[in-house]
């Protein structure tokens with residue numbers, strides 16, 4: 001009998017811990033469909049508290065499980081830092097509202113519909129000072145794109161190994177299915193790349209952190225973005241370290257970005 005009670009207690013504890021990683025679907029009115037998301041809560045989550053939220057965007061070919069699979073300790077990190085992590089499926093959208101695909105409107109979904117859902121469902125600091133967004137590769141581009149275009153929503157943003165200038169890669173990663181071909185739509189490509197959207201960024205007062213490995217194929221465009229930000233006098237943290245475009249680099253990079261975001265959340269209280 002004692003063994004049975006202990007077994008049931010163990011199962012109950014495990015179930016409670018597993019419940020802190022929530023897989024859900026969030027309805028997008030603009031796309032008229034639901035989008036899968038993973039929400040990672042602190043183990044001691046309390047409905048009466050207010051938690052800062054970090055939105056984690058995956059890269060091309062990934063999904064809502066990319067970050068939790070790559071960093072299975074996210075729940076422990078959420079508990080340590082009193083954070084909520086939100087990992088949406090961005091498909092292969094580059095987190096744009098595609099001008100040619102009405103079923104791919106991920107700027108509106110992440111920056112408006114998803115944020116609204118999370119603030120209603122969970123105990124969040126429901127203001128820009130309580131939100132950060134970052135991502136890897138396609139998601140690094142997406143995080144900066146969304147923060148720059150929605151400064152009222154995100155107070156801090158990051159990018160790791162981000163495709164921050166899409167124009168050198170016109171045939172890659174399905175971007176032309178979202179924007180049309182570069183040859184036929186150069187103005188559209190110019191308008192949908194992060195490095196061209198820096199006007200007014202200084203006044204938007206977004207805390208920025210950007211990093212990329214030396215051996216990454218996006219190293220040059222990240223260095224160019226860093227140079228452009230310096231020339232414009234836009235404050236940001238920029239890191240470049242040994243590493244390539246892979247999970248080993250991203251797993252390590254997230255720790256640096258979270259240190260930056262935690263300092264921001266504390267200073268913005």
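Taking the chain as a Gaussian network of alpha-carbon nodes connected by springs under 10 Å, the highest mean-square fluctuation of the residues 90, 130, 61 belongs to 61. Summarising the strand pairing of the chain, around 35 percent of its internal DSSP beta bridges are antiparallel. Determine the shape class of region 180-223: with a ≥ b ≥ c the square roots of the Cα gyration tensor eigenvalues, call it rounded for a/c under 1.5, and otherwise prolate if a/b is greater than b/c, oblate otherwise. Oblate, because a/c is 1.5 or more while a/b does not exceed b/c. Among 231, 105, 178, the largest mean-square fluctuation in a Gaussian network model of the chain (Cα springs under 10 Å) belongs to 231. Comparing 175, 138, 70 in a Gaussian network model of the chain (Cα springs below 10 Å), the most mobile by mean-square fluctuation is 70.
Summary value for the chain: 15 percent relative contact order, contacts being C-alpha pairs under 8 angstrom separated by 6+ residues.
Shape class of the chain from the alpha-carbon gyration tensor: prolate, with a/c at 1.5 or above and a/b greater than b/c. When peptides 156-166, 49-59, 233-243 are ranked by their average number of other Cβ atoms within 10 Å per residue, the highest-first order is 156-166, 49-59, 233-243. Each residue in 255, 211 was given a count of other beta-carbon atoms within 10 angstrom of its own, and listing them fewest first yields 255, 211.
Read-outs throughout are calculated quantities, based only on the coordinates presented, and are distinct from any laboratory measurement. These numbers come from a predicted model, not from an experiment. So basically every Cβ, Gly included, is an ideal-geometry build from the backbone, and we count neighbours across all protein chains shown.
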